[in-house]
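Worksheet for the structure shown next.
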Amino acid sequence: MVAMSSFFDAPEPRRVLPGDYPLWDEALALVNRDLAVTLPEQRPLRLLGLPAYDGGEGENVYVALADGEWHGNFLEPAPADNLAVALSAVTEAAQDTVTELLWQAWPLCEEHRLGMHPREEDGRLSWWCAGAAARREAAHIRAAVGGLDALVRPHRPNRRRRSRG
């Protein structure tokens with residue numbers, strides 16, 4: 001017997017290949033740098049494509065965990081030559097996917113242990129922390145998106161300790 005597909009069967013997502021969306025690839029590489037340093041147990045995020053809902057040409061692209069799960073809206077088509085717009089869209093989609101599917105704020109400000117949010121500051125998309133209101137500590141920019149690795153020192157289990165003496 002041949003299985004029939006119904007009108008309501010969800011289409012199978014496709015893994016977006018490198019180069020299909022160069023600006024989104026570049027933006028996702030920056031976001032994945034921050035993911036690697038803040039959640040080292042997570043594999044890199046990836047892009048998934050699904051046919052457009054309206055049945056037209058093209059596809060809707062989502063930022064997904066390595067296992068193919070995603071949460072939130074698809075990426076709005078990015079201008080062909082504007083990395084800042086692409087980075088903003090990919091960063092927000094990545095944060096939606098990570099926070100909703102892993103049930104945790106991401107990324108966290110190491111100083112305040114609060115979730116940070118993307119915000120444009122001085123022409124660069126950066127991770128912004130609201131500060132600790134209870135202690136009257138001011139909001140601050142932690143790092144540019146893709147730059148959290150400069151702030152967090154990864155644990156190196158095989159590193160030799162310096163002898164003091």
* Structure fact -> The residue from VAL85, VAL98, VAL31 that alone is out of contact with any Phe, Trp or Tyr (no Cβ under 9 Å at 6 or more places or on another chain), of a type in the set (A, V, I, L, M) and under 18 Å from GLY115 (Cβ atoms) is VAL31
* What number of residues within the stretch 23-45 are charged (D, E, K, R) and assigned to a helix (DSSP H, G or I)? -> 4
* **Within the stretch 101-113, tally of residues that are over 19 Å from GLU41 (Cα atoms) and surrounded by 16 or more Cβ atoms within 10 Å (Cβ to Cβ)** => 1
* In this structure, does ALA36 turn out to be modelled with pLDDT of 95 or more, surrounded by fewer than 20 Cβ atoms within 10 Å (Cβ to Cβ), under 18 Å from GLU92 (Cα atoms) and out of contact with any helix residue (DSSP H, G or I) (no Cβ under 9 Å at 6 or more places or on another chain)? -> no
* Please work out which residue is surrounded by the most Cβ atoms within 10 Å (Cβ to Cβ), limiting yourself to the stretch 121-146 and to residues that are part of a loop (DSSP other than H, G, I, E, B) and touching a helix residue (DSSP H, G or I) at 6+ places or on another chain (Cβ under 7 Å). => VAL145
* Which residues, taken from the stretch 84-120, are of a type in the set (A, V, I, L, M, F, W, C) and not in a helix (DSSP H, G or I)? -> TRP103, ALA105, TRP106, LEU108, CYS109, LEU114, MET116
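The values are calculated or read from the model by the stated rules, or taken from the named source; none is laboratory data. Since the model is a prediction, treat every value here as computed from it, not as a measurement. Glycine gets a Cβ as well: all are built from the backbone with ideal geometry, and neighbour counts include every protein chain shown.
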